[in-house]
Amino acid sequence: MAVNLPTGLISHTRRVQSLYKKAIRLLEAYYDERDAFRYRAVLMRKEFDDKKDIKDMITAYHFIELGEQQLIDKQHYHPRRFPDSPGGVAYQREVIPPDWVVDYWHPLEKAQYPEYFAKREQRKKEFVKAWISQYGQSTAGHH
């Protein structure tokens, strides 16, 4: 299931902003040197600024469609990705341990945080009580 799909309508302004950002990221992929990239980024900005005063929405829509098609046609074979972003080398690398791991701490480790573990035990009892009140007593393991 795709997680990052847009749901709903996207405004014209938002589409233009997204197209501009994707175009700049595409330029970053093609041009490593800062001067070459900045020169082409300024030209790209001028191209967008030249079309910003178009009042006819049909023409504006046509330009957006044309720009999005150009992005597809000129895709880089190996685009740059931020390390922690989807597709990056470090995406979802940090494993967040589940809550039950704390239950297996050594008593000396737990003794360093007495208030936390006292409240934790209290909340676990409240959770079990709420579970039983909502779903009833478990019959598993009882003969």
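The values are calculated or read from the model by the stated rules, or taken from the named source; none is laboratory data. Since the structure is predicted, the reported quantities are computational estimates derived from the model, not experimental observations. All Cβ positions, even for glycine, are placed from backbone atoms using ideal geometry, and neighbour counts span all protein chains on display. Please note that ligands, DNA and RNA were not included when accessible areas were found on the heavy atoms of the full protein model with its side chains. Shrake-Rupley method; radii C 1.70, N 1.55, O 1.52, S 1.80 Å.
Any residue at all in the range 45-60 that's closer than 30 Å to residue 22 by Cα and touching a Gly at 6+ places or on another chain (Cβ under 6 Å)?
As a first pass, look at the range 45-60 and keep what is closer than 30 Å to residue 22 by Cα: 45-60.
After this cut, where a residue has to be touching a Gly at 6+ places or on another chain (Cβ under 6 Å) as well, the list is none.
Taking every residue of the range 45-60 in turn, none turns out to be closer than 30 Å to residue 22 by Cα and touching a Gly at 6+ places or on another chain (Cβ under 6 Å).
Do you know which of the residues in the range 7-18 that are over 21 Å from residue 70 (Cα atoms) and open to solvent by 80 Å² or more (accessible area, probe 1.4 Å) is modelled with the lowest pLDDT?
Restricting attention to the range 7-18, the residues satisfying the condition of being over 21 Å from residue 70 (Cα atoms) are 7-9.
From what is left, the residues that are open to solvent by 80 Å² or more (accessible area, probe 1.4 Å) are 7, 9.
Working: 7: 73, 9: 86.
Step by step, filter the range 7-18, then rank; the result is 7.
Any idea which of 10, 58, 64 is more than 24 Å from residue 77 (Cα to Cα), within 25 Å of the chain's Cα centre (by Cα) and not acidic (Asp, Glu)?
Of the residues listed, the single one that is more than 24 Å from residue 77 (Cα to Cα), within 25 Å of the chain's Cα centre (by Cα) and not acidic (Asp, Glu) is 10.
Run residue 112 past the list (1) in a helix (DSSP H, G or I); (2) at pLDDT 95 or above and report the number of the one that doesn't hold.
Looking at each condition in turn, residue 112 falls short on (1).
For the range 53-75, state whether one or more residues are in contact with a helix residue (DSSP H, G or I) (Cβ under 7 Å, 6 or more places away or on another chain), farther than 30 Å from residue 124 by Cα and among the β-branched types (Val, Ile, Thr).
So far as the range 53-75 goes, yes, one or more of its residues are in contact with a helix residue (DSSP H, G or I) (Cβ under 7 Å, 6 or more places away or on another chain), farther than 30 Å from residue 124 by Cα and among the β-branched types (Val, Ile, Thr).
Only residues in the range 23-44 that are among the basic types (Lys, Arg) count as the first member; pair them with residues that are surrounded by 15 or more Cβ atoms within 10 Å (Cβ to Cβ), Cβ under 9 angstrom, at least 6 apart or cross-chain, and list the lot.
Going by the 9 Å Cβ cut-off, the qualifying pairs are 38/31; 40/27; 40/31.
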